[in-house]
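Worksheet for the structure shown next.
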């Protein structure tokens, strides 16, 4: 049983990790994900519980970790106005905070200009109180709840300790610049969140439904039914997936597929929800309800991506739980233990211990590492690549083999009949029997045969139809047994077929155990396929192609694409693809990607280290079985996601190295008496701001052409 809640008043990435850690302890919860950036809690229950009591329990945990934080049921249309009002209130609070900080900073500067006196101390205390009153209140509140190791308590102890030691200016300055750093940190995080939200702002707000009397009714897209007729005007977003039944226009698909050039949409063309109608008014017949539409699935995939965390994210969350207590213990040893064995006295070593307390918060890590993955997944969605989780993005950095399905992946999957070879009877008769066999087919080859020529079939005369996946079809028509399929299918039915010297996909036709002839069907290679394979090989990645085609056809396509002959695998049935991928994976030293589009690819997509499906022409089961979905079916997107994975890994390593490196150096300098509380503040909030900015740069990286 799955539940989803909005998270309110959560302002700390470290606190989000602590809340998740506490929720993980609840035995009734199977899986839980607290997402700091989307402000959503998603969990799976082992057994149903009373909603009110359960929510009360969750809110008690959240409030204990970060006072004021609570969960509420997923936002509905009715309370969106309340949320909007709350956002206005938060903006006003932010303005007030800026004013208070400015006054505090001004008092601090004035205090520094004065000579040592009671007046100077009072002004510095006022500056401290104005700037840090909320920190002190939170620390006191947490202390009453038995919570000692949060950043508010540690900052309060460090600055109060400075006052006790007589360092009034340092205490006030540290608190002021800590608050300024926190303000810029929040601003950087919010800007990153807004950038990602903008990337995902594809949800339609309304749909113009055409009523039976010709009038229009504006309704919520979620209330539109399959079969309804929609009017989409120029400049409007297409609300649901459908087919154009009237009018023509140009359509902007950039938000879904990353394609910058608008495409022409005419009658009978399919249009996807989330696209923008640029020119003419069109009428669309809805083919999928909102929950199954493209825009809904994209938003759901991206939002759920946060629940599938990478190992780096899990490590940082676990590391943060131990890091702060260890640093606090070291601070106690320095402040209370070293004066007993080392010269300098308690005042000196207490001062140095305070530095440890200030830099003990691991915010730079718990904020920047998840944000890096969050930014990468958001950036990928803008390019028409849906990555279902940070764990899959992490796997993509260690790939040495890419395995492609042929049809619909490296080729367009738009077959056309190239040649008909008749051995008995007439061409019209051969085509008729071939169409009977393919009458119920959804395969591109079957559709190509059905769309060829003017021969029509009476469905009522089809008395039986049995398809054997990967082989062919056995049909009964006017008491005649018809076989349509591969050469192997014919041989299995004891029908001899002449050898063919031509390449291409061949469909054999027989009636009442007598071979009539064969139909050659041709596919077209995608424009970017060869470029993709060349770049993969240039990166040292082995490329394989799997196909059900005969060896001659498979080798011809593979050689044209530049795939090595020993890596072209032909005559494969669906079950053969599984065993072949197992064989390929056994040779791989790092990881394997499988790229496919059809129903037959679902098992291998699920089995690969990373399964990549084609979202435009791919089957629903293939998309569900995959880890990455390419919305415009362009194989070159494989290069883009590998580059993105490497950039993501680079930024994660930069932030971890930078954050830990600076903190460790400042700790050592603090013990040696070189660093002061000012430098410690930089090691805390300063490093956090820089790490967040570094993580968010992924959103600004230009797409490589």
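Kindly evaluate residue 640 against the criterion of being under 30 Å from residue 441 (Cα atoms), surrounded by fewer than 21 Cβ atoms within 10 Å (Cβ to Cβ) and not assigned by TED's automatic domain parsing to the domain that holds residue 165. Outline the logic, then answer.
Working: under 30 Å from residue 441 (Cα atoms): no; surrounded by fewer than 21 Cβ atoms within 10 Å (Cβ to Cβ): yes; not assigned by TED's automatic domain parsing to the domain that holds residue 165: yes.
Spelling it out, it is not the case that residue 640 is under 30 Å from residue 441 (Cα atoms), surrounded by fewer than 21 Cβ atoms within 10 Å (Cβ to Cβ) and not assigned by TED's automatic domain parsing to the domain that holds residue 165.
Please determine whether any residue of the range 474-487 is closer than 19 Å to residue 570 by Cα and not in a helix (DSSP H, G or I).
Quick first cut of the range 474-487, residues closer than 19 Å to residue 570 by Cα only: 485-487.
Adding the requirement that they be not in a helix (DSSP H, G or I) leaves 485-486.
Within the range 474-487, one or more residues are closer than 19 Å to residue 570 by Cα and not in a helix (DSSP H, G or I).
Let's see how each residue does on (1) more than 29 Å from residue 371 (Cα to Cα); (2) outside the structural domain of residue 39 (by TED's automatic domain parsing); (3) exposed (fewer than 13 other Cβ atoms within 10 Å of the Cβ):
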residue	(1), (2), (3)
213	yes, yes, yes
222	yes, yes, no
228	yes, yes, no
247	yes, yes, no
262	yes, yes, no
296	no, yes, no
310	no, yes, no
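Identify, from the list 172, 188, 207, the residue that is modelled with pLDDT of 85 or more, crowded, with 21+ Cβ neighbours inside 10 Å and farther than 30 Å from residue 351 by Cα. Step through it out loud before you land on a result.
Numbers: 172 fails: farther than 30 Å from residue 351 by Cα; 188 fails: modelled with pLDDT of 85 or more.
Just a single option satisfies the conditions, and that option is 207.
Does the range 451-465 contain at least one residue that is under 28 Å from residue 403 (Cβ atoms) and surrounded by 13 or more Cβ atoms within 10 Å (Cβ to Cβ)?
Residues of the range 451-465 that are under 28 Å from residue 403 (Cβ atoms), as a first pass: none.
No, every residue in the range 451-465 fails to be under 28 Å from residue 403 (Cβ atoms) and surrounded by 13 or more Cβ atoms within 10 Å (Cβ to Cβ).
Would you tally the residues in the range 55-112 being outside any helix (DSSP H, G or I) and at pLDDT 85 or above? Can you show your working first?
Our first condition is that a residue be outside any helix (DSSP H, G or I); within the range 55-112, this holds for 66-79.
Applying the additional criterion that residues be at pLDDT 85 or above yields 69-72.
Number satisfying all stated conditions: 4.
I'm trying to understand the selection: among the residues of the range 498-512, which are modelled with pLDDT under 90 and either assigned to a loop (DSSP other than H, G, I, E, B) or within 15 Å of residue 437 (Cα to Cα) (or both)? Working first, answer last.
Looking only at the range 498-512, we keep the residues that are modelled with pLDDT under 90, and these are 498-506.
Across the range 498-512, the qualifying residues are 498, 499, 500, 501, 502, 503, 504, 506.
Please work out which one of (1) within 47 Å of the chain's Cα centre (by Cα); (2) free of Cβ contacts under 8 Å to residues at least 12 places away in the same chain is the condition residue 488 fails and give its number.
(2)
Given the residues 630, 605, which is the only one that is under 21 Å from residue 530 (Cβ atoms) and surrounded by 17 or more Cβ atoms within 10 Å (Cβ to Cβ)? It would help to see each step written out before you state the result.
On the way: 605 fails: under 21 Å from residue 530 (Cβ atoms).
Going through 630, 605 in turn, the sole match is 630.
For the range 661-675, check the following and say yes or no: at least one residue is assigned to a loop (DSSP other than H, G, I, E, B) and surrounded by 18 or more Cβ atoms within 10 Å (Cβ to Cβ). Step through it out loud before you land on a result.
In the first step, residues of the range 661-675 are kept if they are assigned to a loop (DSSP other than H, G, I, E, B); the result is 673-675.
In the following step, the residues that additionally are surrounded by 18 or more Cβ atoms within 10 Å (Cβ to Cβ) were identified as 675.
For the range 661-675, residues assigned to a loop (DSSP other than H, G, I, E, B) and surrounded by 18 or more Cβ atoms within 10 Å (Cβ to Cβ): present.
Among the residues of the range 337-381, what is the count of those that are assigned to a loop (DSSP other than H, G, I, E, B) and touching a helix residue (DSSP H, G or I) at 6+ places or on another chain (Cβ under 6 Å)? Let's see the steps before the verdict.
First, the residues of the range 337-381 that are assigned to a loop (DSSP other than H, G, I, E, B): 342-344, 359-362.
Adding the requirement that they be touching a helix residue (DSSP H, G or I) at 6+ places or on another chain (Cβ under 6 Å) leaves 359-362.
Within the range 337-381, residues that are assigned to a loop (DSSP other than H, G, I, E, B) and touching a helix residue (DSSP H, G or I) at 6+ places or on another chain (Cβ under 6 Å) number 4.
Does residue 544 satisfy the condition of being touching a residue at least 60 places away in the same chain (Cβ under 8 Å) and within 27 Å of the chain's Cα centre (by Cα)? Give the steps one after another, and end with the answer.
Values: touching a residue at least 60 places away in the same chain (Cβ under 8 Å): yes; within 27 Å of the chain's Cα centre (by Cα): yes.
For residue 544, the condition - touching a residue at least 60 places away in the same chain (Cβ under 8 Å) and within 27 Å of the chain's Cα centre (by Cα) - is met.
In the range 244-289, how many residues are in contact with a strand residue (DSSP E or B) (Cβ under 7 Å, 6 or more places away or on another chain) and assigned to a loop (DSSP other than H, G, I, E, B)? Break it down into steps so the answer makes sense when it comes.
Let us first name the residues in the range 244-289 that are in contact with a strand residue (DSSP E or B) (Cβ under 7 Å, 6 or more places away or on another chain), namely 244-253, 262-271, 274-287.
Checking which are assigned to a loop (DSSP other than H, G, I, E, B) leaves us with 247-248, 253, 262, 266-269, 274-275, 278-281, 287.
Count: 15.
Quick check, is residue 405 over 22 Å from the mean Cα position of the chain (by Cα), crowded, with 24+ Cβ neighbours inside 10 Å, closer than 24 Å to residue 636 by Cα and not assigned by TED's automatic domain parsing to the domain that holds residue 312?
Taking the combined requirement at face value, the residue satisfies it.
Out of (1) within 22 Å of residue 298 (Cβ to Cβ); (2) part of a helix (DSSP H, G or I); (3) at pLDDT below 90, the odd one out for residue 645 is which?
(3)
Of 567, 589, 552, which residue is surrounded by fewer than 24 Cβ atoms within 10 Å (Cβ to Cβ) and under 19 Å from residue 532 (Cα atoms)?
Values: 589 fails: under 19 Å from residue 532 (Cα atoms); 552 fails: under 19 Å from residue 532 (Cα atoms).
None of the other options fit; the residue is 567.
Mind counting the residues in the range 298-339 that are under 22 Å from residue 257 (Cα atoms) and free of Cβ contacts under 8 Å to residues at least 24 places away in the same chain? Talk me through it step by step, then tell me what you get.
First, pick out the residues of the range 298-339 that are under 22 Å from residue 257 (Cα atoms): 298-306.
In the following step, the residues that additionally are free of Cβ contacts under 8 Å to residues at least 24 places away in the same chain were identified as 300.
Adding up the residues that qualify gives 1.
So which pairs qualify, if the first residue must be in the range 653-665 and within 15 Å of residue 320 (Cα to Cα), the second must be outside any helix (DSSP H, G or I), the Cβ gap must be under 7 Å, and the two must be at least 6 apart or on different chains?
Once the first residue is within 15 Å of residue 320 (Cα to Cα) and sits in the range 653-665, its partners that are outside any helix (DSSP H, G or I) give 663/359.
I'd like to verify a number: residues in the range 399-456 that are assigned to a loop (DSSP other than H, G, I, E, B) and touching a helix residue (DSSP H, G or I) at 6+ places or on another chain (Cβ under 8 Å), how many? It would help to see each step written out before you state the result.
Here is the first cut: in the range 399-456, the ones assigned to a loop (DSSP other than H, G, I, E, B) are 399-400, 412-415, 423-426, 438-443, 451-456.
Now restrict to residues that are touching a helix residue (DSSP H, G or I) at 6+ places or on another chain (Cβ under 8 Å): 399, 413-415, 438-439, 441, 452-453, 455.
Residues in the range 399-456 being assigned to a loop (DSSP other than H, G, I, E, B) and touching a helix residue (DSSP H, G or I) at 6+ places or on another chain (Cβ under 8 Å): 10 in total.
Only one of (1) at pLDDT 85 or above; (2) touching a helix residue (DSSP H, G or I) at 6+ places or on another chain (Cβ under 8 Å); (3) under 22 Å from residue 315 (Cβ atoms) is not met by residue 688, so which one is it?
(1)
Buried (at least 17 other Cβ atoms within 10 Å of the Cβ), over 22 Å from the mean Cα position of the chain (by Cα) and either in the same structural domain as residue 39 (by TED's automatic domain parsing) or in contact (Cβ under 8 Å) with a residue 40 or more places away in the chain (or both): is that true of residue 372 in this structure? Show your work before the answer.
Numbers: buried (at least 17 other Cβ atoms within 10 Å of the Cβ): yes; over 22 Å from the mean Cα position of the chain (by Cα): no; either in the same structural domain as residue 39 (by TED's automatic domain parsing) or in contact (Cβ under 8 Å) with a residue 40 or more places away in the chain (or both): yes.
Answer is no for this residue.
The values are calculated or read from the model by the stated rules, or taken from the named source; none is laboratory data. Quick caveat: nothing in here was measured; it's all calculated off a predicted structure. All Cβ positions, even for glycine, are placed from backbone atoms using ideal geometry, and neighbour counts span all protein chains on display.
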